[in-house]
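Asks: Attaching a single structure in structure tokens format; questions to follow.
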Amino acid sequence: MLFYFYSMLNFFKKFFHSDKTILDESDPMKKFLIVGLGNIGIDYVNTRHNIGFKVLNHIAEKENLTFEERKLGKLTVYKVKGRHVLLLKPNTYMNLSGKAIKYWLDQEKIPVENLLVITDDLNLDFNTIRLKTKGSDGGHNGLKDIQEKLQTIKYNRFRFGISSNFKKGKQVNYVLGKWSDEEMDILKNRVDITKDIIDSFVLSGIANTMNQFNGK
């Protein structure tokens, strides 16, 4: 009976804990949400579509961070010169990414202009990085859901080129396919600079970050 009581107590603690705010900051302009898009599950690790997860995992490794399972995703936090940065890997699967993003924006009272979404992009050559402040979903279902949930096309994106090197009708297989060994070697050097890009966005804003990193 006592064991059952403590088991239930721990369950409710965990349940209510998941809905609490995470960031210890009242000023909304010092709070940022960085979202890496991807699909959960071992089958999707190191696939092209999961470049957002890969980037956030890299940042977590560099900062010695650990992701925790919370509502609608895995989250962790780090600070940059007084700014609080919340990293989110949605667990909704790609096509419902907007649900997790909208929830944590509202929960932490983070303005949309302080949101940065990291996504794969078929329309960019492999290894190309491009930041932008608005735009259509470009046929990307994750971005389509974000646009619908936020009711705007004006949100910051960090687009990571995966190219469109696939035969007609093979797009799904391509984006859900694994990186080749050669691509992984090239990718490692590119992923290394993503922390600098995100810190620049947090400290200097999207315009300055675009000027510094777009086209490089």
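Asks: Kindly indicate the residue of the range 149-171 that is among the hydrophobic types (A, V, I, L, M, F, W, C) and not in a loop (DSSP other than H, G, I, E, B) and also nearest to Val117 (Cα to Cα) among those meeting that condition.
Replies: My answer is Phe158.
Asks: Okay, moving on. Any chance you could count how many residues in the range 18-49 are touching a residue at least 60 places away in the same chain (Cβ under 8 Å) and assigned to a helix (DSSP H, G or I)?
Replies: Final tally of qualifying residues: 5.
Asks: Determine the pairs where a residue that is among the basic types (Lys, Arg), located within the range 192-213, has a partner that is modelled with pLDDT of 95 or more and part of a helix (DSSP H, G or I) with Cβ atoms under 6 Å apart, the partner being 6 or more residues away or on another chain.
Replies: These pairs meet every condition: Lys195/Ile59.
Asks: Out of curiosity, is Lys31 among the charged types (D, E, K, R) and within 19 Å of Lys195 (Cα to Cα)?
Replies: It is true that Lys31 is among the charged types (D, E, K, R) and within 19 Å of Lys195 (Cα to Cα).
Asks: Return yes when Ile110 is among the β-branched types (Val, Ile, Thr) and surrounded by fewer than 21 Cβ atoms within 10 Å (Cβ to Cβ) and no when it is not.
Replies: Criteria not met by Ile110.
Asks: Say whether the condition of being loosely packed, with under 14 Cβ neighbours inside 10 Å and touching a helix residue (DSSP H, G or I) at 6+ places or on another chain (Cβ under 8 Å) is met by at least one residue in the range 154-170.
Replies: yes
Asks: Taking Glu68 as meeting all but one of (1) closer than 19 Å to Trp104 by Cβ; (2) surrounded by 15 or more Cβ atoms within 10 Å (Cβ to Cβ); (3) not β-branched (Val, Ile, Thr), write down the number of the exception.
Replies: Unmet condition: (2).
Asks: So, of the residues in the range 129-147 that are polar (S, T, N, Q) and at pLDDT below 95, which turns out to be surrounded by the most Cβ atoms within 10 Å (Cβ to Cβ)? Explain how you work it out, then say what you get.
Replies: Initially, the range 129-147 is screened for residues polar (S, T, N, Q), giving 133, 136, 141, 147.
Filter once more, keeping what is at pLDDT below 95: 136, 141.
Details: Ser136: 10, Asn141: 15.
This residue is Asn141.
Asks: Follow-up. Which residues, taken from the range 46-68, are of a type in the set (A, V, I, L, M) and touching a helix residue (DSSP H, G or I) at 6+ places or on another chain (Cβ under 6 Å)?
Replies: Residues satisfying the conditions are Val55, Ile59.
Asks: So, in the range 176-207, of the ones that are of a type in the set (S, T, N, Q) and over 26 Å from Asn95 (Cβ atoms), which residue ends up surrounded by the fewest Cβ atoms within 10 Å (Cβ to Cβ)?
Replies: Ranking the qualifying residues of the range 176-207, first place goes to Asn189.
Asks: Is there a residue being in contact with a Gly (Cβ under 6 Å, 6 or more places away or on another chain) and either part of a helix (DSSP H, G or I) or modelled with pLDDT under 95 (or both) anywhere in the range 172-194?
Replies: no
Asks: Could you identify the single residue in Leu105, Leu150 that is touching a Gly at 6+ places or on another chain (Cβ under 7 Å) and at pLDDT 95 or above?
Replies: Testing whether each residue is touching a Gly at 6+ places or on another chain (Cβ under 7 Å) and at pLDDT 95 or above leaves just Leu150.
Asks: Would you point out which residue out of Asn91, Asn123, Asn95 is at pLDDT below 95 and either crowded, with 17+ Cβ neighbours inside 10 Å or under 25 Å from Gly215 (Cβ atoms) (or both)?
Replies: Numbers: Asn91 fails: at pLDDT below 95; Asn95 fails: either crowded, with 17+ Cβ neighbours inside 10 Å or under 25 Å from Gly215 (Cβ atoms) (or both).
Checking each option against the conditions leaves just Asn123.
Asks: Let me ask something additional. Within the range 159-191, count every residue that is farther than 11 Å from Val55 by Cα and without any contact (Cβ under 8 Å) to a residue 24 or more places away in the chain. Spell out the reasoning first.
Replies: Quick first cut of the range 159-191, residues farther than 11 Å from Val55 by Cα only: 159, 161-186, 189.
Right, trim to without any contact (Cβ under 8 Å) to a residue 24 or more places away in the chain and you get 166-170, 172-173, 180-182, 185, 189.
The total comes to 12.
The values are calculated or read from the model by the stated rules, or taken from the named source; none is laboratory data. Note that the coordinates shown come from a computational prediction; the quantities given were computed from them, not determined experimentally. Reconstructed Cβ throughout: ideal geometry from the backbone, glycine too, with neighbour counts over all protein chains shown.
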